[in-house]
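Below is one structure, written out as structure tokens; the observations come after it.
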Amino acid sequence: MNELAIETRDLVRTYRIRKSPTNPSGAPVVALDGVTLDIPRGEFFGLLGPNGAGKTTFIKVLVTLLLPTSGSAHVAGLDVVGQAQQVRERISMVSGGEHSGYGLLTVREQLWMFSQFYGLPTRPALARIDELLRIVGLYEERSRRVSALSTGMRQKMNMVRGLLPDPDILFLDEPTVGLDVEAARDVRAYIKEWIHANSRRTILLTTHYMHEAEELCDRVAIIHKGRIVACDTPAALRRRTAGGTYFVLTTEPLDGIAWVSGVPGVQRADARVTDGRTELRLQVADDGAIAGVVKALADRERRIFSLQKIEPSLEDVFVQIVGRRLEEADEGGRP
Amino acid sequence: MSEIARARGLRRVVRATLGRAYPRIIGANRERSWLFYDTVLPLLGTIAFVYVYKALGAPDRFVGYVIMGGATMAFWMNVMWNMAAQFYWDKQGGNLELYMVLPCGIVPILLGMSIGGFVGTLVRAAAIIVIGSVLFHVTYAITQLPLFLLIFAVGIIALYGLGVTFASVFLMWGREAWHMAELFMEPVFLASGFYFPVRALGFWVGMGTSIIPLTLALDAMRQLLFPGSHPALLPVRAELGALVGLAVMFMLVARWSLRKMEYLARREGRLSLRF
């Protein structure tokens, strides 16, 4: 048995696109640019990156929806080009914001329909559907029409659909996008439980939620402009930010933060405005450097509401590697 | 591999086909508006032609021609809107991607769409025939029921084969599916002789429009329903033979176009990505 659930070598995927204002030359867009990755069986693997980084293209190649332009990809030891049919026997895919199925069916009917596509006999299929609906907290809605479900309920139903055939490898493409906090937490809790229940199972999750990748994944790869720029455990990735100390400081609104980087010992500063307050995320050379920032704020007659020393997060890793925050990279991402 | 028991091979194809047919069949019960849109509205058009023939003093059998045409039209509309355009809707809704990575392949999905669509449309067509025949006192003198049913069955197989071909073609062309469907509505109503014997268009025009399976199927069924009085395009058995040929041809073309669509989808990504 192949111990690698997913294996790619120099995987390249380009798209031919028409000339447009954003691509006046009509040059091919490189979505994946030589991705080499090994994901062992049983691993919960996260692919983290901004919009347009190549996450979805990577998944689409692996689930046999797209052919690679060059390079190779194997899923469960099977070639996604030459053995697509066998690959499809072993996988399942759930995407965020998915509106699959038919609104006039009830939740249970819709799931039964999908179970038939995988050849599940009706009685065990319905028993499994009921069991999974109970687990995700959707059993009471089983007779409700799909068209009447909320976004969160719908995504839970999609998760059940993905799990129905009990795949060896589950591909989750931003499964919690657009969900409210509670629904996203439920989905995360269940997929974590699902993968740990059987060592045969592997999950490849794409997300651009840092905390999701940190909470769920055994290992995380950061993808940027079609390239894997880092790949390790979340803890090991965080250690890459060694050499600095991180603080989050909340203060009254600031006009600009360029001056913060000029404070001795400050290595990097980012700002977010929330609820009329400015949240400064600071990377400083040592703890003492924060005193200079506090003094500078006092000189500007700005009150400080909170100051907290924090562990570096994957977001800090992303900033260090890519040079921009994830949201900024999203804004500059490809269509 | 999964520890859940699964059927494979032909048994899985049957399960997947029935699974996909289910929403089509159940949908007819859940969305009762079809009673109005799919039965009453086509009947209004049919009734208009009935009164035209009555005003002209045409023989009573022409009323029967029109009602038969109205019933057959329901199948054409089903094939265009719910077969040919279906992949387009499925792409928009995200189903197409899921269908394309199913282990059962996409053929059972199309079979299920066809069977489910056929069952639903059969009820609608029967409703049109019954209501129209009762309203206008039409009588049929069917003499060869097995042959009539055989022609109907072969015509339907050829028609849904054409629908599967169009499903791939519409998607590959990348046009708005409803524009394509509309393009094929009124001209086909005219050219296939839905409201009159196709022979009235002239022999060679009738032969040309016979590429649409309904033309020959409708002409052959009218010959059997109104024996001796229908101006036939070809003898019934020749039309049956041609329908068998069309059925085989459309199934082969459908198979080829499906493979082509799947290949293009994987190579260019144009079916699953919005570049």
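The values are calculated or read from the model by the stated rules, or taken from the named source; none is laboratory data. Here the structure is a predicted model, which means the values were calculated and not measured. Note: ideal-geometry Cβ built from the backbone for every residue, glycine included; neighbour counts use all protein chains shown.
What to note about this one:
- Residue list for the range B:115-151, restricted to those being crowded, with 20+ Cβ neighbours inside 10 Å and under 30 Å from B:Val253 (Cβ atoms): B:Gly116, B:Gly117, B:Phe118, B:Gly120, B:Thr121, B:Arg124, B:Ala125, B:Ile128, B:Ile151
- Matching residues, the range A:6-27, being within 14 Å of chain B (Cβ to nearest Cβ) and under 29 Å from A:Ile169 (Cβ atoms): A:Val12, A:Arg13, A:Thr14, A:Tyr15
- Candidates in the range B:100-110 are the residues that are of a type outside the set (Val, Ile, Thr) and within 12 Å of chain A (Cβ to nearest Cβ); of these, the one that is farthest from B:Pro42 (Cα to Cα) is B:Pro103.
- Within the set B:Leu246, B:Leu233, B:Leu218, B:Leu240, the sole residue that is modelled with pLDDT of 85 or more and in contact with a Ser or Thr (Cβ under 6 Å, 6 or more places away or on another chain) turns out to be B:Leu218.
- Matching residues, the range A:314-335, being modelled with pLDDT of 80 or more and either over 20 Å from A:Phe247 (Cβ atoms) or part of a loop (DSSP other than H, G, I, E, B) (or both): A:Ile321
- All positions within the range A:215-242 that are surrounded by fewer than 14 Cβ atoms within 10 Å (Cβ to Cβ) and either part of a helix (DSSP H, G or I) or in contact (Cβ under 8 Å) with a residue 40 or more places away in the chain (or both): A:Ala235, A:Ala236, A:Arg239
- Checklist (1) over 15 Å from A:Val319 (Cα atoms); (2) touching an Asp or Glu at 6+ places or on another chain (Cβ under 8 Å) applied to A:Val293, failing item: (2)
- Residue that is surrounded by the fewest Cβ atoms within 10 Å (Cβ to Cβ) [pool: residues in the range A:38-71 that are in a loop (DSSP other than H, G, I, E, B), touching a helix residue (DSSP H, G or I) at 6+ places or on another chain (Cβ under 7 Å) and of a type in the set (A, V, I, L, M, F, W, C)]: A:Leu67
- Scanning the range B:1-42 for residues that are at the interface with chain A (Cβ under 8 Å from one of its Cβ atoms) and of a type in the set (A, V, I, L, M) gives B:Met1, B:Ile4, B:Ala5, B:Ala7, B:Ala16, B:Leu18, B:Ile26.
- Any chance B:Phe203 is in contact (Cβ under 8 Å) with a residue 24 or more places away in the chain and surrounded by 13 or more Cβ atoms within 10 Å (Cβ to Cβ): no
- Within the range A:175-200, the set of residues being crowded, with 22+ Cβ neighbours inside 10 Å and of a type outside the set (A, V, I, L, M) comprises A:Pro175, A:Thr176.
- Single residue of the range A:7-25 satisfying the filter (over 13 Å from A:Pro68 (Cβ atoms) and of a type in the set (Val, Ile, Thr)) that is surrounded by the most Cβ atoms within 10 Å (Cβ to Cβ): A:Ile17
- Every condition in (1) more than 8 Å from chain B (Cβ to nearest Cβ); (2) small (Gly, Ala, Ser); (3) free of Cβ contacts under 8 Å to residues at least 40 places away in the same chain holds for A:Gly71 except the one numbered (3).
- Selected residue (only one of A:Val35, A:Val94 is part of a strand (DSSP E or B), in contact (Cβ under 8 Å) with a residue 24 or more places away in the chain and closer than 15 Å to A:Ile203 by Cα): A:Val94
- Within the range B:216-271, being in a loop (DSSP other than H, G, I, E, B), in contact (Cβ under 8 Å) with a residue 40 or more places away in the chain and surrounded by fewer than 19 Cβ atoms within 10 Å (Cβ to Cβ) holds for B:Pro227, B:Ser229, B:Arg270.
- Filter result for A:Val160 (part of a strand (DSSP E or B), buried (at least 17 other Cβ atoms within 10 Å of the Cβ) and in contact with a helix residue (DSSP H, G or I) (Cβ under 8 Å, 6 or more places away or on another chain)): no
- From the options B:Tyr53, B:Tyr65, residue that is over 20 Å from the mean Cα position of the chain (by Cα), under 23 Å from B:Met221 (Cα atoms) and away from every other protein chain (no Cβ under 14 Å): B:Tyr53
- Residue within the range A:78-95 that is closer than 15 Å to A:Phe171 by Cβ and of a type in the set (S, T, N, Q) present: yes
- The range A:127-152: number of residues that are surrounded by 19 or more Cβ atoms within 10 Å (Cβ to Cβ) and in a helix (DSSP H, G or I): 7
- Residues being hydroxyl-bearing (Ser, Thr, Tyr) and loosely packed, with under 11 Cβ neighbours inside 10 Å - total across the range A:261-283: 1
- A residue that is in contact (Cβ under 8 Å) with a residue 24 or more places away in the chain and more than 12 Å from chain B (Cβ to nearest Cβ) occurs somewhere in the range A:98-107.
- Checklist (1) buried (at least 17 other Cβ atoms within 10 Å of the Cβ); (2) among the β-branched types (Val, Ile, Thr); (3) free of Cβ contacts under 8 Å to residues at least 24 places away in the same chain applied to A:Val81, failing item: (1)
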